[in-house]
Structures are given as C-alpha cells and as structure tokens.
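Notes for the one structure printed next.
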Amino acid sequence: GTVEGNTRVVIYTRPQCRYCVKAKELFQSAGLTYREMVLDVDCTKEEMEEAVGHVCKTVPQIFLDGQHIGGHDEFVAHWRSISFAAALE
C-alpha cells in the first residue's frame, strides 16, 4: 500500500510492523497522504539506510521534505511539538 499524492512524507516500513501501522494511521487520521516504501518490496534495507544516513535497526523510518525525522517515537514527539500537520500546509 502506497498512498499516492503528497510525496513530502515518506515512510519506510515492513509488513507486520505495528509501529509502522500506528504511524500510517496517524497520518490517515489527519487526512495526510504519504509515500510508503516497503522493505524488500520497494527497496532494500541498504537503500533505506543510505537514505537515513546510518544503520537502522527498526522501522518505520519517516522523512518530511527529505529530512529524516526518525522512527515512530521520534515522529510522535515531532508531531506533538511542531504540529506536523501544520508543517505540511
């Protein structure tokens, strides 16, 4: 499931990842679209790590406007601190 449209938000995920699902649900509840990159389907782990800039042990890995926000917890903190939805307007 890639949601086409707004590619300002990119989420690297893998199947059966509950934190990936939670992050996507947060975007969907706010009416925001995103581009989903599924590991081993849309990209390799190495390609994700190249985008992030370091080794990643977890997914999701979330980007806004090409800037790495982090994983689920960092994303939630970012969402709360700056009103992520407002940043996309």
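Express in nm, to one decimal, how much length is gained between ASP73 and THR58 on full extension, taking 0.36 nm for each residue of separation and deducting their alpha carbon distance. If you can, show how the numbers build up before the last one.
Working: separation 15, 0.36 × 15 = 5.40 nm, distance 1.11 nm.
Answer, rounded to one decimal: 4.3 nm.
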- [ ] At a Cα cut-off below 18 Å, give the aspartates and glutamates reachable from LYS22, other chains included and same-chain residues fewer than 8 away excluded.
- [x] GLU36, ASP73, GLU74
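Determine the gain in length on full extension of the stretch GLU49-GLN16; use 0.36 nm per residue of separation and subtract their C-alpha separation, reporting nm with one decimal.
Numbers: separation 33, 0.36 × 33 = 11.88 nm, distance 1.98 nm.
Gain on extension, GLU49 to GLN16, equals 9.9 nm.
Read the figures in this text as sums done on the coordinates, not as results from a lab. Note that the coordinates shown come from a computational prediction; the quantities given were computed from them, not determined experimentally.
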